[in-house]
2 protein chains.
Amino acid sequence: MQPHMGMLALIPTAGVAALITSIYLILYVVRQPKGDEKMQEIAGAIREGALAFLSRQYRTIGILAVVVALILLVAVRGPQGWHTAIAFLTGALASAISGYIGMYTAVTANLRAAAAARRSLNDALRVAFRGGAITGLAVTTLSLLGVTAIFYAYGGASHPQEAPLLIVGFGFGASFVALFAQLGGGIYTKAADVGADLVGKVEAGIPEDDPRNPAVVADLVGDNVGDCAGRGADLFESTAAENIGAMILGIALFPIFGVNGILFPLVARSVGVIASILGILSVRVRRDDEPPMNALNRGYLVTIILVAIGLFFVTREMLNGGGKVDYLYFYGAALVGVLTSYIFVWTTQYYTEYRYRPVREIAQASTTGPATNIIAGVSVGFESTAIPVVVMSAAILAAYWLGSMALPGGGLYGTAVATMGMLSTVAYVLAMDTYGPITDNAGGITEMSGAPEEARERTDRLDASGNTTKALTKGYAVGSAALAAFLLFSAYIDEVKHLLGLAPDHPFPIDIGQPKVFVGAFIGAMLVLLFSSTAIRAVGRAAQVVIQEVRRQFREVPGIMEGTGRPEYGKCVDIVTVGALKQMVIPGLVVVVTPVLVGAILKAEAAAAFLMIGTIVGVIMALFLNNGGGAWDNAKKFIEAGNLGGKGSDSHKAAVVGDTVGDPFKDTAGPSLHVLVKLLSTITLVLAWLFI
Amino acid sequence: MQPHMGMLALIPTAGVAALITSIYLILYVVRQPKGDEKMQEIAGAIREGALAFLSRQYRTIGILAVVVALILLVAVRGPQGWHTAIAFLTGALASAISGYIGMYTAVTANLRAAAAARRSLNDALRVAFRGGAITGLAVTTLSLLGVTAIFYAYGGASHPQEAPLLIVGFGFGASFVALFAQLGGGIYTKAADVGADLVGKVEAGIPEDDPRNPAVVADLVGDNVGDCAGRGADLFESTAAENIGAMILGIALFPIFGVNGILFPLVARSVGVIASILGILSVRVRRDDEPPMNALNRGYLVTIILVAIGLFFVTREMLNGGGKVDYLYFYGAALVGVLTSYIFVWTTQYYTEYRYRPVREIAQASTTGPATNIIAGVSVGFESTAIPVVVMSAAILAAYWLGSMALPGGGLYGTAVATMGMLSTVAYVLAMDTYGPITDNAGGITEMSGAPEEARERTDRLDASGNTTKALTKGYAVGSAALAAFLLFSAYIDEVKHLLGLAPDHPFPIDIGQPKVFVGAFIGAMLVLLFSSTAIRAVGRAAQVVIQEVRRQFREVPGIMEGTGRPEYGKCVDIVTVGALKQMVIPGLVVVVTPVLVGAILKAEAAAAFLMIGTIVGVIMALFLNNGGGAWDNAKKFIEAGNLGGKGSDSHKAAVVGDTVGDPFKDTAGPSLHVLVKLLSTITLVLAWLFI
């Protein structure tokens, strides 16, 4: 089979389209009015803090990344060592750049969105969403073009069956940066949040986002570093990992599809980018009183429909095997993927929104105190793992079956196609995600600058929709992490077979009854809990530092409580930055070192079991932590909306406890686990040769 | 190899010794003074409630068990169906009987221990501990003799290589009853506890164990049904499952050891029973002010030393293979098991006692409120899984290596020997465990009967040591459940190979890269969380019923708060009984049905992955729930001892929240998970033929 040049042309087309759209969006955002001086001052402080955090964080990660690259160079001898090390650094760099772009646009758009909120809801929505869209497009396109470029750089044109394995290092680099970005950002955001709340709201009795609170800027910075930079790196990594995993699985079908099977993932992703661009540009509210969420949902629907149409043509052109393969089955697999992403997002809503039973149950339990609130939340969090697991299982089995129907031995490729379907809307979803912290920041700026009631009310509504989009993206991110990990797991099995000289359709000779396999699995599960423990504890430790600093300022800065003395915001930002970065190193390194040790000591079979169980437990714990945390958050909001006693009641106090507990669950440990599962996969895949 | 009759004689010897000792202990306990009328009245109410719960619970379980037996009879056709069904019912019955004995002696000894506390600490300790010892001996001996009897009944003398597989049904029956006993008992005990506390302490402001609280008797009944009947059934099952699993692994070595390899587990257990008897009889405090825990630890040490000596002779006699096998390696494996149990117990102490860092950390976090208390507790609970997993992994690998050194292909048998070593002290450990609820009840009776200060102070000290022994036993129970499940998992692999006509040393042909294997594993992990969710929620639901009943009585019973009107204790007991039993059925059946469905639909390979991951995640979650709950409990006790503000301070209030959250974790969900992992193993083993 010859490469389908018409389809391959979609890759640069998508790249150029994304570039033009991004420039258009950037110009759109930058040209918006910046509001009054007070607002600009606050936004300037946030921007400064956020960029300072990022540059310090990247310095730490950069040093670690160079060390790992050197180790790869020494450990993996010969040209493959060079290939892997360079791919690793490229992936790391691309991930860092996409994090930086996301952060930069967010701290640019937040001020404009706040200013726009003084005019109309629609203006504010468009500024915030288009700011988010820049991140979505940048992340997705960088991943697409990065993988494509390194594929061709490593001889993808001349020997396409070997190049995909050489670029695994790219995924490893991306997940390496993503882990630290998500973990460090997650610790920062919650330490600042918890610290600001405990001293400000609880001890000093001043409202949230009050300018007298020295930690308030750090809190607003935190939204950016956690949700923008962190989640951006996470999904950059998911898209890169899925592309690479799917390309590796495409190698096995080279005799049938030729290079088209290997490049299909990249073309499918390109279709997703183009569809997302059109979806993004379509977003607007129809009336000033329309809920912002409706507008975002319409745009999502546009994207999904365009993707579904586009994928039909791509599968027809690239996966027909010269007329010998029934490509409609593969198209079916792609639709399974799209449907799965929809159900994941829906389940997340069901478990975390107060319209439904689970959050109501937690709110009800709050009436008998904090203990019953916590018990109900844990119970809901545990329960919320069930539907996603069943859906994920059904999707994997259905896609495998469809792939096998399309052609014998095409099962795994069917799951790869489904994964591409699921992640095809990623640019749009990321736009919605980054919209979250922008609206949150816009609300904070509006509050702190003493804006008129009308503007506050608008940013509150935007903020509420931003909370929803953040929660949904987490559901989407777990689902995509699980599928990406499944692909990479399958790719690992393929690679081990290859290294052992076995045919791809030969069963992987793992003796599950061997103790070392059981032990590998045992350690995989334990690692997830140990990591979660350290991540949660890190928030507490970093928060203590913030609390002490805020108390000191309240004590020492003259006139601070009367509003005449200016709090030292920058001091707080610095302190959280140093605290969070210090706490992120050890847990991050444990995650990197453990799979290497398990593989090197207990060998490839145990590493496979380690990887499988680590992935599964990681996904399940992420679901528990994310959904439990989200449900607690909204149970509090349900009571604050005037139910079960409303704000200030004992029920509310109990619900605040649950919300605080949920914070490090849903914003630190949970999201870091998405990255962990992908990091485990890429690291074992890169080092598979060491485990034989 | 001929059967070693000298060694086999130890089995009936142990049985007779246990019987004589039990009779001696029963007579000792029964002859003790029963205290004044007030005490007898209260103890009578507890006894009545406990026995009523048990008979209702057994009626429900009995119906379910008969249905399962009929299904087995129909599903497993031919004589094997009869064998399995009868073994199942025998196991179920034996488990029920041991639960009944434990409960009966506990409700007999509690009153005598309370009466003895008016005389001296030593008297009270001996009565309570000897009461507990009756349970320990009864449970262990019934399991030993039950397995032995059914082994010979199914032709163990003529064809010893086939009999072990026929008796798997015994383990299935035992775990079936144990699951419901532990789950139902766990829901009962915590629903009564939470209900009594929330209305009594919090709403009405009366102290714990106050006779005016209508739920106080239900609370005391709960200690018996959860910790005696529940844990008794749990450890009955562990011993039965380990015996059976080890015997099945002994079949593979039949050419070398003959029937001795198959019967070694029973003889090793007999040695443990005899050693435990001597250990039990040695327990006494040296002075009235010696901590009771010291006396119990001395007895444990005596037992361990005797076991270590006894096992040397048993391995030398039974595992020398006619001089061709270096039995010392097997003896080494047995010592590894003994050591593992010690480390497990030590780790549990480290994570749950307030002398050490983890509990202190939680107590410290309580000073900043309930939210930080919960976060710290979850973090400690997650962390507490690490050491046990590493120890368990090291033990499995070391025992496997020792077994392989003893003879080629002897690795798995090495792990079986280690397991026998670990569980050899089970009778003593169970005695310590049942001691817990007896002292707890004695404290309650003393409190309610208005005993002199001196007696109260003694029962408080006994109660504190009882809390420690209960926590330790849980650590021991998880460890033994994990090892038992590993043995049964290995036995399952052996059985599948046998059914497929493969040699025992042939690798099990599981293709870990197949989606259905991944899906089986995914569902295994999810089942554990779903079950935990329903178990935790069940406590909340049943507690609501108690709360309403207590409120009703406070409202309607005249003179109840003045102490002139008598609360209707029995009404509360009835209501919790019905509530708890109703809540236990659905989660229990889900656990039974899911492995059958996974195996029947996705077949043996997926079932193996399901079993492996279900076991691992079950053990890890049990560790998290048990240790987290225990740590919260003792963080509260640490503050109550006068630290960080002491009783009544804000720190104390925060710690009470953690304690309440931990209750359903450590006494309902956690212990039920021990049983769950063994039930998954026995059920897949019994139905392995269905999965091919």
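The values are calculated or read from the model by the stated rules, or taken from the named source; none is laboratory data. Everything numeric here is computed off the predicted structure, so don't read it as measured data. When we count neighbours, we look across all protein chains shown, and the Cβ atoms used for this are built from the backbone with ideal geometry, even at glycine. Keep in mind that these areas ignore ligands, DNA and RNA; they rest on the heavy atoms of the full protein, side chains included. Shrake-Rupley method; radii C 1.70, N 1.55, O 1.52, S 1.80 Å.
Quick one: if you stick a label point 7 Å off each Cα along the C-beta vector at B:Gln161 and A:Phe313, how many nm between them?
Modelled inter-label distance: 6.8 nm.
Which value in nm describes the separation of the simple spin-label points at A:Ile692 and A:Ser649, placed 7 Å from the Cα toward the beta carbon?
6.6 nm
Relative contact order for segment A:5-691: what is it in percent, counting Cα pairs under 8 Å that are at least 6 residues apart?
21 percent
List the aspartates and glutamates whose Cα sits under 18 Å from the Cα of A:Lys603, skipping any in the same chain fewer than 8 residues away.
In chain and number order, the partners are A:Asp494, A:Glu495, A:Asp511, B:Asp511.
Simple spin-label model, 7 Å along Cα-to-Cβ: A:Ile206 to A:Ala52 in nm?
Each label point is offset 7 Å from its Cα along the Cβ direction, giving 1.9 nm.
Mind listing the phi-derived Karplus ³J(HN,Hα) values for segment B:285-292, rounded to whole Hz, using 6.51, -1.76 and 1.60 with θ = phi - 60°, and x for any glycine or proline?
8, 7, 9, 5, 9, 6, x, x
Could you give P(r) for segment B:377-526, binned at 5 Å from zero, as whole percent values over all Cα-Cα pairs?
Bin by bin from 0 Å, the calculated values are 2, 8, 11, 13, 14, 14, 11, 8, 7, 5, 4, 3, 2, 1, 0.
May I ask for the accessible area buried between chains A and B, both sides summed, probe 1.4 Å, to the nearest 100 Å²? Could you put the intermediate results ahead of the total?
Working: alone 23800 and 23760 Å², together 41510 Å².
Result for this pair: about 6000 Å² buried.
Averaged per residue, what accessible surface does chain A expose to a 1.4 Å probe, in Å²?
On the way: 20770 Å² over 692 residues.
With all protein chains present, chain A gives 30 Å² per residue.
Skipping prolines and chain starts, which residues have an amide H placed within reach, meaning under 5 Å, of the one on B:Ile510, given they are 5 or more residues away or on another chain?
Under 5 Å from the amide H of B:Ile510 lie the amide H atoms of A:Ile510, A:Ile512, each far enough along the sequence or on another chain.
Output, in nm with one decimal and in ascending order, the distances from the B:Asp460 label point to the matching label points of the other copies (7 Å from Cα along Cα-to-Cβ).
5.1
Using 1/(1 + (r/R0)^6) with R0 = 41 angstrom and r between the beta carbons of A:Ser404 and A:Leu278, what's the FRET efficiency to the nearest 0.05?
Computed FRET efficiency for A:Ser404 and A:Leu278 comes out at 0.75.
Provide, in order from the shortest bin, the percent of all Cα-Cα pairs of chain A in each 20 Å bin, continuing until the bin that contains the maximum pair distance.
20, 55, 23, 2, 0
Give the average, rounded to an integer, of partner chain Cβ atoms located within 10 angstrom of each Cβ in B:393-406.
2
Which length gain, in nm to one decimal place, applies between B:Glu454 and B:Tyr152 when the Cα-Cα distance is subtracted from 0.36 nm times their residue separation?
103.3 nm
Calculate, in nm to one decimal, what B:Leu301 and B:Thr367 gain on full extension: separation in residues at 0.36 nm each, minus their alpha carbon distance.
Working it through step by step, the gained length comes to 19.9 nm.
Which ³J(HN,Hα) values in Hz, rounded to whole numbers, follow from the phi angles of segment B:440-450 under the Karplus curve 6.51 cos²θ - 1.76 cosθ + 1.60, where θ = phi - 60° and Gly and Pro get x?
4, 4, 4, x, x, 5, 4, 4, 6, 8, x
Skipping prolines and chain starts, which residues have an amide H placed within reach, meaning under 5 Å, of the one on A:Gly565, given they are 5 or more residues away or on another chain?
A:Ile560
Out of segment B:486-585, which GluC sites (Glu not before Pro) are coil in DSSP terms and have no more than 15 other C-beta atoms within 10 Å?
B:Glu562
Report the trypsin sites (Lys or Arg not before Pro) located in segment A:263-302 that are in a DSSP loop and have at most 12 other Cβ atoms inside 10 Å of their Cβ, or state none.
Values: sites: A:Arg269, A:Arg284, A:Arg286, A:Arg287, A:Arg298; in loops: A:Arg284, A:Arg286, A:Arg287.
Loop-located and lightly packed - A:Arg286, A:Arg287.
Treating cross-link reach as a plain straight distance, find the lysines whose alpha-carbon is under 29 Å from the alpha-carbon of A:Lys324, omitting any fewer than eight places away in the same chain.
A:Lys497, B:Lys516
Could you check how much of the accessible area of segment B:5-691 is carbon and sulfur, as a whole percent, using a 1.4 Å probe?
Here it works out to 63 percent.
Give the nm distances, rounded to one decimal, from B:Pro207 to the matching residue in every other copy, measuring between label points 7 Å along Cα toward the beta carbon; shortest first.
Nearest to farthest, the other copies are at 4.7 nm.
Kindly write out, for segment B:345-354 in residue order, the coupling ³J(HN,Hα) from the Karplus curve 6.51 cos²θ - 1.76 cosθ + 1.60 (θ = phi - 60°), rounded to whole Hz, with x marking Gly and Pro.
Karplus-based 3J(HN,Hα) across segment B:345-354 equals 5, 5, 4, 4, 4, 4, 7, 10, 9, 7 Hz.
Cβ under 14 Å from B:Val578's Cβ, B:Val578 left aside: what net charge do those residues give with Lys, Arg +1 and Asp, Glu -1?
Here the charged neighbours net out to +3.
Can you list, shortest first and in nm, the gaps between the label point of B:Trp346 and those of its counterparts in the other copies, using a point 7 Å from Cα in the C-beta direction?
5.4
Loop-only check: which trypsin sites (Lys or Arg not before Pro) in segment B:584-648 are DSSP coil with at most 15 other Cβ within 10 angstrom? Can you show the working numbers first?
Working: sites: B:Lys603, B:Lys636, B:Lys637, B:Lys647; in loops: B:Lys647.
Passing sites in segment B:584-648 are B:Lys647.
With a ≥ b ≥ c taken as the square roots of the eigenvalues of the C-alpha gyration tensor of the protein assembly as shown, please select rounded if a/c is under 1.5 and otherwise prolate if a/b is larger than b/c or oblate if it is not?
Oblate shape, in that a/c is at least 1.5 and b/c is the bigger or equal ratio.
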